[in-house]
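A.B. asks: Structure incoming, see below.
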Amino acid sequence: CSSAAAAGASADASIVMVGMRGAGKTHLGESAARALGWECVDLDHLYVERHGAIMTAVEQHGWPVFREREAALLVDVLRSRPQRTVIATGGGIVETAAARAVLAAHWPVVQAFKPIEDIEAYLSSDGSRPDLGTPPREVYARRAPWYDEVSDVDVLIAPRESDWGAPQAQLAALLGRVRGTAAAAAAARTCAGWRAPRCAAPAA
């Protein structure tokens, strides 16, 4: 996001989770919402409620129509729930310039980062999601710069992580700092303790 958006944001500003399909956005988002006593909204689930099954929508109308609707949902959710909500987005939310502009104008945006090898292993065993049409590694290579462009904070999931306690604790620590004061938030994208590439949570 821009420094102006960060500086003007409330400590209760809704948190948006981004990251690759299978990176743990919904899991971490639900955990963060419970810890904060907030609501958690999964954008994919909301899409299904309003437009029907994602796989069917993609098969019938194609990815461009899905992406257009997805971006509109993001705008709607941020307008209707500007505070005290954790919003877990779909992995491809960054595929359109329109959605990236919405994310870049919002603060805070948290990226869930899981090694691509683990994502590949997870997705190979999950047949419930529509085919991306391209191997996950290639999809990630295209999206990675966009995730970095729109996010303010990274949460690392360690290779082959099976215990979510560590990333949940990391997210809690980072959110504690991010929500500390609106003035400090303006430095979020350059502060080494917050936005260093793939940074871990600072020690308590």
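A.B. asks: Give me the percent of the accessible area of the range 24-135 that comes from carbon and sulfur atoms, probe 1.4 Å, all protein chains in place. Intermediate values should be presented prior to the final figure.
C.D. replies: Values: 2640 of 5200 Å².
Carbon and sulfur: 51 percent of the exposed surface of the range 24-135.
A.B. asks: How large are Rg and Dmax for the range 6-47 when only the alpha carbon atoms are used, in Å?
C.D. replies: 11.4, 32
A.B. asks: If amide H atoms are built 1.01 Å from N in the plane of the peptide, which residues on other chains or at least 5 residues away come under 5 Å of the amide H of residue 91?
C.D. replies: 21
A.B. asks: Okay, moving on. Taking the solvent-accessible surface of protein heavy atoms with a 1.4 Å probe, what is the per residue accessible area of the range 51-144 in Å²?
C.D. replies: Accessible surface, normalised per residue, equals 46 Å².
The values are calculated or read from the model by the stated rules, or taken from the named source; none is laboratory data. Since the model is a prediction, treat every value here as computed from it, not as a measurement. Keep in mind that these areas ignore ligands, DNA and RNA; they rest on the heavy atoms of the full protein, side chains included. Shrake-Rupley method; radii C 1.70, N 1.55, O 1.52, S 1.80 Å.
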